[in-house]
Each structure stands twice: as C-alpha cells, then as structure tokens.
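Notes follow the structure.
The values are calculated or read from the model by the stated rules, or taken from the named source; none is laboratory data. Treat the numbers as computed from the prediction; the structure is a model and nothing was measured. Reconstructed Cβ throughout: ideal geometry from the backbone, glycine too, with neighbour counts over all protein chains shown.
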Amino acid sequence: MRNYIKAMLIIGLFFISFGGLLLHSAVHPAARNLYGYIPLAAGIISAIAIPVLFIFRKTLHLAYILNSFMVIIGVITMAHFSIVKHPIIPDIIVLLCKFMLGRALFCFELYQLDAPMKPQGWRWIRYPNMGFWWVHLVMLSAVYFLGNHFWR
C-alpha cells in the first residue's frame, strides 16, 4: 500500500505540473515573446524532472527543494501579474496544490506516519519544516518587490 500511495502522489504531481505546463503554453506562448520560454522551461522541469526525482530516495531532497522553490517563485510572479494585469488567483491556488503534493511526498518518504511534526522554537524555520518555506516566501517577495520598485 505504501508504494501505491507514493506512486499515486507522484502521478498526481505529474498531472498537476503537466496541466500547468499546458496552461502556461496557452497564456505565455514561447514563439510570440522571448519571456515565454521561462515558463515553458519551468513547466518542463516541473512535469518531467521533478516527479522522476521524487521516485528515488537519493534525490528526494533535491526534488523537494526544486519543487518548493519553483512554487514560491511562481506564486510571487503570478501574484504580481495578478495585481498588475488581471486576477489569476485560481492558478496560484493550483500551484499551491503542487507544493502540498511535493510536501506530502517528502514527508511520506522521510518520516514515520505516526511521528509528531511539531518542531519547537527556532527549529520551526529550519529545513525541512514549513517555517523554512514561509521565511523564503516572505524574503523572496520582499526582494522581488524592492527590485520591481527601485529598478525601473
């Protein structure tokens, strides 16, 4: 049953990433604008490389870090696009689901199912706890905001 659940989570991660790739191909066609190649490359990495990396225990941390940072960067840039152009909140929510699937795969493989997941004190912001990702989301958002605000 454990292998079946892991396989279903990896397949779910593939499908949600592949759906994001198709969505980005429609919104940001690579042939029309040069910046369209960035979402295309990120989508290919998300749909093909990251699910494969989650299969093997040796590459589990790399898959988790790549998946999480791609989600954080995607959330930040899509939130900016949502503020400047038009709202795309459902796309951001789908991207957060991708993060949760990666987190579930990581925790499922690394921790015992009945192990407590409450780090105390400053350990909450250390890798691989959720505080680590919250700190990176806030800090990268601040850097993105400052770069966008002052680099014009």
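Condition test on LEU53, is it more than 12 Å from the chain's Cα centre (by Cα), under 30 Å from PRO29 (Cβ atoms), without any contact (Cβ under 8 Å) to a residue 24 or more places away in the chain and surrounded by 16 or more Cβ atoms within 10 Å (Cβ to Cβ)? Can you show your working first?
Details: more than 12 Å from the chain's Cα centre (by Cα): yes; under 30 Å from PRO29 (Cβ atoms): yes; without any contact (Cβ under 8 Å) to a residue 24 or more places away in the chain: yes; surrounded by 16 or more Cβ atoms within 10 Å (Cβ to Cβ): yes.
So LEU53 passes the test.
I'd like to know if segment 13-20 contains one or more residues that are crowded, with 16+ Cβ neighbours inside 10 Å, touching an Asp or Glu at 6+ places or on another chain (Cβ under 9 Å) and farther than 21 Å from PRO128 by Cα. Reasoning before the result, please.
Step one: of segment 13-20, the residues crowded, with 16+ Cβ neighbours inside 10 Å are 13-14, 16-18, 20.
Then drop every residue that is not touching an Asp or Glu at 6+ places or on another chain (Cβ under 9 Å), which leaves 20.
Now restrict to residues that are farther than 21 Å from PRO128 by Cα: 20.
Scanning segment 13-20, I find at least one residue that is crowded, with 16+ Cβ neighbours inside 10 Å, touching an Asp or Glu at 6+ places or on another chain (Cβ under 9 Å) and farther than 21 Å from PRO128 by Cα, so the answer is yes.
Of the residues ILE65, ILE50, ILE88, ILE93, which is at pLDDT 90 or above and touching a helix residue (DSSP H, G or I) at 6+ places or on another chain (Cβ under 7 Å)? Don't jump to the end; show me each part of the working.
Numbers: ILE65 fails: touching a helix residue (DSSP H, G or I) at 6+ places or on another chain (Cβ under 7 Å); ILE88 fails: at pLDDT 90 or above; ILE93 fails: touching a helix residue (DSSP H, G or I) at 6+ places or on another chain (Cβ under 7 Å).
The conditions single out ILE50.
Only one of these conditions is not met by PRO29: (1) surrounded by fewer than 18 Cβ atoms within 10 Å (Cβ to Cβ); (2) touching a helix residue (DSSP H, G or I) at 6+ places or on another chain (Cβ under 6 Å); (3) at pLDDT below 90; (4) assigned to a helix (DSSP H, G or I). Which number is it?
Here PRO29 clears every test but (4).
Exactly one of these conditions fails for CYS107: (1) in contact (Cβ under 8 Å) with a residue 24 or more places away in the chain; (2) within 25 Å of GLY19 (Cα to Cα). Give me its number.
Just one mismatch for CYS107, condition (1).
For the subset of segment 90-125 comprising residues that are under 25 Å from SER46 (Cα atoms) and small (Gly, Ala, Ser), which member is surrounded by the fewest Cβ atoms within 10 Å (Cβ to Cβ)?
Result: ALA104.
Identify, from the list PRO128, PRO87, the residue that is without any contact (Cβ under 8 Å) to a residue 60 or more places away in the chain and either surrounded by 14 or more Cβ atoms within 10 Å (Cβ to Cβ) or not hydrophobic (A, V, I, L, M, F, W, C) (or both). Don't jump to the end; show me each part of the working.
Numbers: PRO128 fails: without any contact (Cβ under 8 Å) to a residue 60 or more places away in the chain.
Going through PRO128, PRO87 in turn, just one is without any contact (Cβ under 8 Å) to a residue 60 or more places away in the chain and either surrounded by 14 or more Cβ atoms within 10 Å (Cβ to Cβ) or not hydrophobic (A, V, I, L, M, F, W, C) (or both): PRO87.
Condition check: exposed (fewer than 15 other Cβ atoms within 10 Å of the Cβ), of a type outside the set (Lys, Arg) and within 16 Å of the chain's Cα centre (by Cα). Does VAL138 satisfy that?
Values: exposed (fewer than 15 other Cβ atoms within 10 Å of the Cβ): yes; of a type outside the set (Lys, Arg): yes; within 16 Å of the chain's Cα centre (by Cα): yes.
Here the answer is yes, as VAL138 does meet what is asked.
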